[in-house]
Amino acid sequence: MTILSGIQPTSNIHLGNYLGAIRNWVSLSRAQNATPQNSLFCVVDLHAITVAQDPAKLRQAVLEAAAAYLACGLDPAHNSIFVQSHVSGHAELGWILGCQTPLGWLYRMTQFKDKAGKDRDNSGLGLLAYPALMAADILLYKATQVPVGEDQKQHVELTRDIAGAFNHQFGENFFPLPEPLMMGEATRVMSLRDGTKKMSKSDASDQSRLNLLDDADTIADKIKRAKTDPDALPSDAAGLANRPEARNLLTIYAAVQGKSLADVLPEVGGGQFSGFKAKLTAALVDHLPPIGQRMQQLLADKAYLQQVLTTGAANANAIAKPTLQGVMELMGLR
Ligand code: TYM
């Protein structure tokens, strides 16, 4: 089993990234007593540039993402933590796989449709080609498990299709078919302002999300203002139908404590939002600010962060090289 996953460095790493992804990486990695050879987590800077980025902010966001991985508990002795662009095989295999990927598959991707919108012809080629690069991220290490939030499932499924097509054409079983792993209760955390919209780094309203760097007062304020509805909280899951904000806040409350919705519904059911929000704030304040403080400490020690990323890239490169060589031989490029 080989695990790989990544996050785009676009600042504002948020609760969705934590509950949907990073926290699960940590538990998977610990559960299988991972090694840097079979557990790889990258900061996907080449994905970030599919939309315009300010260079100085991007540089800082890469370090913030790396600090978040470490602060959430990924141990560099057991995992390769690295920056995508530091391992050139990602871009090389991305191009190669892009040549094998029909445009029709890429046009179907929900995220492309959302991000490109009606202005398709003005979006960069990278925005369309992005899932081929993501396939390269995964297949370069012959990863078998890809822990992600629900929104990335479609891209991992496309990776399976790309790998299957490559195997079929060039060498049966060269690439394993990776599994998307969605873990825990919060695979899709929604905006605090609108329970029908995903919590996202790019939402213009900072009130819509809880960032890992938010302090206790900011968390309390955002939860106080979070959208609710007029009814009391339900005691069972059926009572959450058509109540997206209630579902979202309860899911966050459960997930942040490592519980399921079914565990917390009897505890809060029948109560009003005001009382529940106090409990939710307490649970979040217990959990998030210690991570944010650890991130700040790490960000103050850039030399250490750089050293972790250099070692991670060297480990990753040692795995990537033979895969790329194998691909090139099969295709007649070597
Ligand atoms: P990105 O940077 O948008 O998100 C990083 C991870 O966080 C998860 N996530 C969420 N989970 C629950 N609720 C949310 N509101 C929420 N928002 C984000 C995402 O599902 C993801 O797991 N293309 C990817 C990054 C990537 C990647 C890869 C992932 C590049 N190469 C290879 C896995 C394997 C992305 O843009 O994720």
Can you find even one residue in the stretch 4-24 that is touching a Ser or Thr at 6+ places or on another chain (Cβ under 7 Å) and either in the same structural domain as LEU288 (by TED's automatic domain parsing) or more than 10 Å from the ligand (Cβ to nearest atom) (or both)?
no
Return the total of residues in the stretch 193-219 being of a type in the set (D, E, K, R) and either free of Cβ contacts under 8 Å to residues at least 60 places away in the same chain or touching a Phe, Trp or Tyr at 6+ places or on another chain (Cβ under 9 Å) (or both).
5
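Could you tell me how many of the residues in the stretch 267-280 are in a helix (DSSP H, G or I), within 11 Å of PRO234 (Cα to Cα) and either out of contact with any Ser or Thr (no Cβ under 6 Å at 6 or more places or on another chain) or not assigned by TED's automatic domain parsing to the domain that holds ASP229 (or both)?
If we filter the stretch 267-280 for residues that are in a helix (DSSP H, G or I), which is where we start, we get 267-268, 273-280.
Those still in the list that are within 11 Å of PRO234 (Cα to Cα) too: 267-268, 273.
Among the residues that remain, those that are also either out of contact with any Ser or Thr (no Cβ under 6 Å at 6 or more places or on another chain) or not assigned by TED's automatic domain parsing to the domain that holds ASP229 (or both) are: 267-268.
Count: 2.
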Hey, any hits in the stretch 136-152 for a residue that's touching a residue at least 24 places away in the same chain (Cβ under 8 Å), near the ligand (Cβ under 8 Å from one of its atoms), hydroxyl-bearing (Ser, Thr, Tyr) and part of a loop (DSSP other than H, G, I, E, B)?
no
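If only one of ARG188, ARG160 is touching an Asp or Glu at 6+ places or on another chain (Cβ under 9 Å) and either buried (at least 24 other Cβ atoms within 10 Å of the Cβ) or over 30 Å from ALA226 (Cβ atoms) (or both), which one is it? Give the steps one after another, and end with the answer.
Values: ARG188 fails: either buried (at least 24 other Cβ atoms within 10 Å of the Cβ) or over 30 Å from ALA226 (Cβ atoms) (or both).
Only one candidate qualifies: ARG160.
Residues in the stretch 110-132: is at least one within 19 Å of PHE175 (Cα to Cα) and part of a helix (DSSP H, G or I)? Break it down into steps so the answer makes sense when it comes.
Step one: filter the stretch 110-132 for residues within 19 Å of PHE175 (Cα to Cα), giving 131-132.
Still in the running and part of a helix (DSSP H, G or I): 131-132.
Checked the stretch 110-132: at least one residue is within 19 Å of PHE175 (Cα to Cα) and part of a helix (DSSP H, G or I).
The values are calculated or read from the model by the stated rules, or taken from the named source; none is laboratory data. Keep in mind the model is a prediction, meaning the values are calculated, not measured. Every residue, glycine as well, gets a Cβ built from its backbone with ideal geometry; the counts of neighbours run over all protein chains shown.
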